Amino acid sequence: MRVSLPCRRALPAALALGPALLARVTDTRAPELATSLIDEGPAVVLGALQRRGRVVDRAAVEAAGTTVLRRCTTGTAVYLRGRALLFTLALPALTTLSPDTSPRTLLNRNVRGFLLGFRQAGLMAHYFGREWISLNRRPAAVLGFELLPGGALLIELFAGLDAPLALPPALATDSERAIDRWLGKAPAALGELFDPGDPLALAARVGVALAERALLPIEAVPPPEGAPLLAAPITDDDPAPEGALFAPPRRVPIGWLDAARDPASGRVWLGGDLLTATHALRTIAEASASAGGRAPFEEGEIALDGASVADLIAAAREATRDAMAR
């Protein structure tokens, strides 16, 4: 496994590592890990498919001086205040770390090295199939992923050192506050659970455990040079088409599923809090929105956590009906 030395990075540069590493592993076919120590904020990092206006209250974040950025991995928003770690893991294939990985078990198999690293640091670490990892029985690290059509996989793992990753209620919209993202548990910062010591040393220890768990030798490499600054601050920029007509958001196991139809092109857009491959989501939206269209995937055939294929098809068809009725 190619591992770059953990180091301090500005948040936009740390987020830009994701697409840069994805591009590199697509060429080299060698797994890569880069870890960033972020020491800034406050900032909200949205998932790739989340609508800003559904997650954060614009007036509240502006009044609080909170930056809002978007990452390239899907999943839910994280709130960063003080120091935090971002682990950026890029794999050339689903099965790189664990040969028995399938789309259904993408996160279950690929977070095991992270769990081992946290356990070696003295924490109880578990993954229960959500968008977060439990440390000492508290939600403490949030996951996001993106999977390319060619099979390359990116996993990002955020862990707050000084403050939990939960979005403060004062910055959230009513629909965001309505979700119990942590299943009744209080999220924790690593500093609440144990003494992490030097966070860069902790990050290096987790990286070594990740490679050892997969029985991969470690090769020290420099991080990608000149990674494009893809994670620029956003205002109203959203992944949905401008002027899209939205159906009512649909409640799914992980938060909300959003669906809309672009009146200009007639295309359907799907997004929200779910963890999935964005290219597969586009395929489902195109197929299920057509009259009598059949689902292009069966359950378990695509990487999808937090919703079902049936949820996606129903949401796309509802967006089509709502748009045509207006």
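The values are calculated or read from the model by the stated rules, or taken from the named source; none is laboratory data. As the structure is a computational prediction, the values presented were derived from the model and not from experiment. Reconstructed Cβ throughout: ideal geometry from the backbone, glycine too, with neighbour counts over all protein chains shown.
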For W182, only one of the following conditions fails: (1) crowded, with 20+ Cβ neighbours inside 10 Å; (2) of a type in the set (F, W, Y); (3) touching a Pro at 6+ places or on another chain (Cβ under 7 Å). What is its number?
(1)
Here the residues within the stretch 254-280 that are surrounded by fewer than 20 Cβ atoms within 10 Å (Cβ to Cβ) and over 13 Å from the mean Cα position of the chain (by Cα) are D262, P263, A264, S265, G266, R267, H279
Any idea which residue in the stretch 239-261 is modelled with the highest pLDDT, counting only those that are in contact with a helix residue (DSSP H, G or I) (Cβ under 6 Å, 6 or more places away or on another chain) and not β-branched (V, I, T)?
L257
Those helices (runs of 4 or more DSSP H) completely within the stretch 173-238 that have 1 or more residues that are closer than 20 Å to F158 by Cβ, in contact with a helix residue (DSSP H, G or I) (Cβ under 6 Å, 6 or more places away or on another chain) and modelled with pLDDT of 90 or more are 174-177, 199-213
If only one of A13, A34, A23, A30 is over 30 Å from L215 (Cβ atoms) and of a type in the set (G, A, S), which one is it?
A13
Quick one: would you say A60 is within 29 Å of L171 (Cβ to Cβ), touching a Cys at 6+ places or on another chain (Cβ under 7 Å) and either surrounded by fewer than 24 Cβ atoms within 10 Å (Cβ to Cβ) or in contact (Cβ under 8 Å) with a residue 40 or more places away in the chain (or both)?
no
Selection from the stretch 99-129 of residues out of contact with any Asp or Glu (no Cβ under 8 Å at 6 or more places or on another chain), closer than 21 Å to E299 by Cβ and part of a loop (DSSP other than H, G, I, E, B) yields D100, T101, S102, F128
Which numbered condition R112 misses (of (1) surrounded by fewer than 20 Cβ atoms within 10 Å (Cβ to Cβ); (2) closer than 30 Å to P248 by Cβ)
(2)
Quick count over the stretch 62-95, residues being among the hydrophobic types (A, V, I, L, M, F, W, C) and either assigned to a loop (DSSP other than H, G, I, E, B) or at pLDDT below 95 (or both), is 7
Checking A166 against (1) at pLDDT 95 or above; (2) of a type outside the set (V, I, T); (3) out of contact with any strand residue (DSSP E or B) (no Cβ under 7 Å at 6 or more places or on another chain), the condition it does not meet
(3)
Could you run through the stretch 27-57 and say how many residues are in a helix (DSSP H, G or I), in contact (Cβ under 8 Å) with a residue 60 or more places away in the chain and out of contact with any strand residue (DSSP E or B) (no Cβ under 7 Å at 6 or more places or on another chain)?
2
Checking I302 against (1) modelled with pLDDT under 90; (2) crowded, with 21+ Cβ neighbours inside 10 Å; (3) over 18 Å from the mean Cα position of the chain (by Cα), the condition it does not meet:
(3)
Every listed condition ((1) among the small types (G, A, S); (2) under 19 Å from the mean Cα position of the chain (by Cα); (3) closer than 27 Å to A303 by Cβ) holds for S175 save (2)
Taking the stretch 77-92 and the residues there that are of a type in the set (G, A, S) and farther than 30 Å from R29 by Cβ, the one that is surrounded by the most Cβ atoms within 10 Å (Cβ to Cβ) would be A84
Which of the residues that make up the stretch 134-156 are in contact with a Leu (Cβ under 7 Å, 6 or more places away or on another chain) and either assigned to a loop (DSSP other than H, G, I, E, B) or surrounded by fewer than 23 Cβ atoms within 10 Å (Cβ to Cβ) (or both)?
N136, R138, L148, G151, A152
